[in-house]
Amino acid sequence: GSLGINDYGLFYPQGEKRFSHAYDIGGKDFSGSFQGDLEMFGEIQPVMVHLHAHSLTKSIWVEHLRGGRKIGEYGRIDAYEALTQHQSYFLLPEEDRQRPILPGDSVRVNCVMDTSKAEHAILYGVSHDTEMCAALILYTNHDPSSHRNYNKGNLVATCTELDICLNPPETTSKK
């Protein structure tokens, strides 16, 4: 199976050398995305990850949480560079491929970025003057015939700054 994790509510202030952003995905929205797989197998097992961000991001990783406590990671790039092999899927280390996601587990996506040279605050987006802090996870223990998977799609998203999502500010200079 595949699972996308994203935060549409990014707001990175201008002028920060090391700005940290993290968001948790858990609860029904998370496990509900692969409910059929959990019912059939009792767990899903991440095997590959694609950590996705743009050029201002310098580090990115995904923490695996159980009972609110970190028990491991599903991918980490400490010296992230956009537009390189860092924007490809990579096989997780063996110990991570042996630690399943169980019902009730959650993940925390972390990004550290450098906005010290940015000309304005940075928002979520798909263009070069915006950022992402996302992860795409490929996992085993998936039943593609189950109608109980991906009821709301296989992208589990949040909006950490609701005002940003509902009413995005203008951040770019008008020419």
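Of the solvent-accessible surface of region 1-46, computed with a 1.4 Å probe and all protein chains present, 48% belongs to carbon and sulfur.
Of the residues 49, 20, 103, the one whose Cα sits farthest towards the positive end of the charge dipole of the chain is 20 (charges of +1 on Lys and Arg Cβ, -1 on Asp and Glu Cβ, taken about the Cα centre). Computing Kirkwood radius over Cα pairs in Å for the structure here picks out one of (1) 16.8; (2) 20.0; (3) 17.3, namely (1).
Net charge near residue 82: determine it from the other residues with C-beta under 15 Å of the C-beta of residue 82, scoring Lys and Arg +1 and Asp and Glu -1.
Working: positive: 58, 117; negative: 78, 81, 114, 129, 131.
Surrounding charge for residue 82 is -3.
Using only side-chain charges placed at the Cβ, +1 for Lys and Arg and -1 for Asp and Glu, the dipole size of the chain relative to its Cα centre rounds to 120 debye. Given the whole protein assembly as supplied and a 1.4 Å probe, what does the accessible area of residue 52 come to in Å², nearest 10? Around 40 Å² of this residue is reachable by solvent. Heavy-atom accessible surface of the chain, averaged per residue, reaches 52 Å², computed with a 1.4 Å probe.
Summing charges over all other residues whose Cβ lies under 14 Å from the Cβ of residue 141, with Lys and Arg as +1 and Asp and Glu as -1, gives -2. The count of lysine pairs in the chain that are at least 8 places apart or cross chains, and whose C-alpha atoms lie under 26 Å apart, stands at 9. Computed over protein heavy atoms with a 1.4 Å probe, the carbon and sulfur contribution to the accessible area of region 69-175 reaches 52%.
The values are calculated or read from the model by the stated rules, or taken from the named source; none is laboratory data. As the structure is a prediction and not an experimental result, all values here were calculated from the model. In this analysis, Cβ positions are derived from the backbone assuming ideal geometry, glycine residues included, and neighbour counts consider all displayed protein chains. Just so you know, the surface numbers come from the protein's heavy atoms only, side chains and all, with ligands and any DNA or RNA stripped out. Shrake-Rupley method; radii C 1.70, N 1.55, O 1.52, S 1.80 Å.
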